[in-house]
Structure formats: structure tokens, C-alpha cells
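Contents: one structure, followed by commentary.
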Amino acid sequence: MQPESGKVVIVLAGRFAGRKAVVVKTLESDRSQTEGPRKKGQCTRVLIAGIARNPRKVTRAMSKKKVEKRSAMKPFVKFINVNHVFPTRYQVDMDLKKVVGEQALASTDGLRGDARVDAKKALKRVFEERYLNQKDVTSEKKAIGSNYFFKKLRF
């Protein structure tokens, strides 16, 4: 079962293992045309956007400047095999397709160079805006998913 767009997943392998991410797009490619014994069959990949460094805890006693600093987060964008993500029951209503960019979604080889940098900057703005304005989420189910997404994974 492929995770649909907007689903919160946990990355299981690689540099960002143990991090939470949101599925932006699911891509299926047929590799039956390629040569070699291991290159046959279907390969499903997902484009994910996640948080590499989570926001830290804030309290009411902290100043605005300190809250802003502690709310900073570092995003990542990555194409990953669907076998290396663990879908959760949570959904997020952030529309990240516009943020990541159409050329990134259209390409099959992934994000390169300036496109990746621009996507990360845009994601950082969107994530921080949503984190600071979590009360504006309309659906209760999406609000719970958004709250879960921005918390550090405890295991």
C-alpha cells in the first residue's frame, strides 16, 4: 500500500532515519526495460518533505525573540523507496506540491542544485508558519496530525 499525499511517514533508512516527513507525491516506475538481474519489476518511490531538526520546547515566560529562535527547524526534501518509509495514521493538510515546485515533481531523477535549495527555503517558511499558527487548522483530524508532525519522535 502506497502512502497518499499528505500522509505523515517515518523514514526508516538512510541519513534521515527516525525523522518524520510528509508525502508530497508517489511515483511508480516500471523497470522491466532495463538490463541486469536486479533491475526487473516495479519500483515505487515517494517524494517526501520532512524535518531534519525539530523545533525545541517553548514556554510562556520566553521572549518573542527566544520563541522565534527555538521554533526554527531544518527541512529536507528527498525521493525515497516506499519500502523505507513507515506510514502513520496521521494526515497533514499542508499543500506541499506548490512549495516543492513543478519541475521537481515532473523530474524522475530528483531535485538537483538550486532547485533543492529553493525548495528547502520555501519548506522552512511553510513549516515554521504552520508550527506557529497551529490553531488555524480547520479539521480536528488534521490538527492532531499537524501537532504530531512537529513533535520529536519518542521511541
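Laboratory data are not the source of any read-out in this text; all were calculated from the coordinates shown. Note that this is a predicted model, so its numbers are computed, not measured. Virtual Cβ from ideal backbone geometry, glycine too; neighbours counted across all protein chains shown.
Could you give the length gained on full extension between residue 121 and residue 152, defined as 0.36 nm per residue of separation minus the Cα-Cα distance, in nm?
9.1 nm
Going by the alpha-carbon gyration tensor, a ≥ b ≥ c the square roots of its eigenvalues, is the range 44-89 rounded (a/c under 1.5) or, if a/c is not under 1.5, prolate (a/b greater than b/c) versus oblate?
prolate
Between residue 60 and residue 13, what is the spin-label point distance in nm, taking each point 7 Å from the Cα along the Cα→C-beta axis?
4.8
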